[in-house]
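What follows is a set of notes on a single structure, which appears directly below.
Coordinate-derived values only; no laboratory data. Worth saying up front: this structure is predicted, and the values here are computed from it rather than measured. For neighbour counting, all protein chains shown are included, and Cβ atoms are generated from backbone atoms with ideal geometry for every residue, glycine included.
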Amino acid sequence: MKQSQLFTKTQKQAPKDEVSLNAQLLLRAGFIDKEMAGVYSFLPLGLRTLNKIIEIIREEINAIGGQEILLTALQNPKIWKITGRWDDEVLDVWFKTKIKTGGEVGLGTTHEEPLVNLIKKHINSYKDLPKYVYQFQTKFRNEKRAKSGIMRLREFIMKDLYSFHANQEDLEVYYKKAQEAYLKIFNRLGLGDKTYMTYASGGTFSQYSHEFQTITSSGEDLIYVCDKCHIAVNKEIIKDLNHQCPECGNAKLHEEKAVEVGNIFKLMDKFSRALDLKYKDKEGKSKSVIMGCYGIGPQRVMGTITEIYNDNKGIIWPEAVAPFNVHLISLGKDEEAQKIYDDLLKNSIETLYDDRNVRAGEKFADSDLIGIPYRVVISGKSIDAGGVEFKKRNEIKSKIIPIKSLISKIKQS
Ligand SMILES: [Zn+2]
């Protein structure tokens, strides 16, 4: 993409009311726009990154058998009244309104109820199980606090996967698979080292649930990390576990600030019982379907990556989620730059080409702020020195490389 065509502009300063680092950087770099507290629009650069995060999650969920659907955001109260979650104090985050022709409607905060209601029409027998169904859906939550930029939103996309099983043993097997898929996802997103599968309370229906917590100084949660097992325990249950690792017994857990980027629960028969989701087993006996649920918030992931990967000049995107792989900058050599740009595109290397007629200093400052992994500068000086200046965003020094070896250099890096 040519930067002269990009409608967004960078800003030197973040708005004064924006306290979180992720929103400050993403607003300044033109990735997002603030509609109101906890509500942000995604602009071309931001949407490219968000879609890359979503695609990584989608690939890994498909790999464990997930079938993608899209439920509705508008929710019929009827089904939620059955489970008691329409007027529930715990789920007191509804945005509710009235339908003109009568009756109430709510904006979905989560989707167990409508999905179970849907699945009922398709599952009758043990032969129909197991099934795994997921979506990327906009959720709405009327949160009291919304000061963490895109890490705590009132309107956000959620990947929510639900699994349906004939019995608990089958759920356990899939739950393990989902844990592995989640670790793979966070690895691919560039958060592997800092993300811990974290033991959390299982609520009333199972011993533990698991959060996926990423260590960052801006995190709102406290976790207790076991370095031996690369797992952690959350604050709620650390006392119950006597400050010991539930896997190896290690008592030297250390406290870290973290942000919850995903969570998985065994729902067991909580919703299937309430909503009468049953199947017939081999003997023809009617039994409740056993369920699990598995969430990740792509925008929160994006905010977390921004919080972790930055310096005083801007964002430093991991390659897998960067809006582009190469930032090509022309300093008065537009003809040569155009040829390089064409060549990069021919080789399927996603490139933002800064062809604007602005000062070199402004181009470099914008490039650092936007944070694309590789910067390629072509100028009279670089041509005299033998090619283009090549620099990784996380390195200080650039080096000259011949134009003809640029493509192979990027592909190797
Ligand atoms: Zn341990």
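Just a few scattered comments:
- Gaussian network model of the chain, Cα within-10 Å springs - most flexible of Asp170, Asp354, Asp368: Asp170
- C-alpha center-to-center spacing [segment 86-132, segment 358-413] in angstrom: 51 Å
- Unit charges at the beta carbon, dipole of the chain: most positive-side option, Thr110, Gln299, Ile407: Ile407
- Peptides 221-233, 14-26 ranked from most to least packed by the mean count of surrounding Cβ atoms within 10 Å: 221-233, 14-26.
- Given their separation in residues at 0.36 nm each and the Cα-Cα distance between them, Ser4 and Glu169 gain 53.7 nm when the chain is fully extended.
- For segment 21-310, the Kirkwood radius over C-alpha pairs fed into Stokes-Einstein at 10 °C and 1.306 mPa s yields D = 79 µm² per second.
- Among 97-108, 120-131, sorting by the average number of other beta carbon atoms lying within 10 angstrom of each residue, highest first, gives 120-131, 97-108.
- Segment 358-413: relative contact order as a whole-number percent, Cα under 8 Å and 6+ apart: 25 percent
- Computed helical MRE - 222 nm, the chain, DSSP H runs ≥ 4 contributing -39500 (n - 2.57), nearest 500: -8500 deg cm²/dmol
- A compact globular protein would have a Cα radius of gyration near 2.2 N^0.38 Å; the ratio found for segment 324-412 is 0.96.
- 27 Å Cα-Cα threshold exceeded, pairs from Lys98/Lys144; Lys159/Lys346; Lys78/Lys266; Lys34/Lys391; Lys34/Lys176; Lys78/Lys235: Lys159/Lys346; Lys34/Lys391; Lys34/Lys176; Lys78/Lys235
- Of the DSSP H helices in the chain, those whose Cα atoms cover at least 24 Å axially and whose Kyte score averages -0.5 or more: 44-63
- Note on the chain: with a GNM built from Cα contacts shorter than 10 Å, the maximum mean-square fluctuation among Ala63, Ala200, Ala322 falls on Ala63.
- Among Arg393, Arg154, Arg300, a tally of other beta-carbon atoms within 10 Å of each Cβ gives an order, fewest to most, of Arg154, Arg393, Arg300.
- Cross-link partners of Lys363 among aspartates and glutamates, defined as those whose alpha carbon lies under 19 angstrom from its own and excluding same-chain residues fewer than eight positions apart: Asp311, Asp334, Glu335, Glu336, Glu350, Asp354, Asp355, Glu389, Glu395.
- Simple Cβ-charge dipole of the chain, Lys/Arg +1 and Asp/Glu -1, about Cα centre, in debye nearest 20: 500 debye
- Sparse-neighbourhood loop sites, trypsin sites (Lys or Arg not before Pro) in segment 312-356 - DSSP loop, at most 14 other Cβ within 10 angstrom: Lys313
- Between Gln179, Gln299, Gln213, the Gaussian network model of the chain with springs among Cα atoms under 10 angstrom shows the greatest mean-square fluctuation at Gln179.
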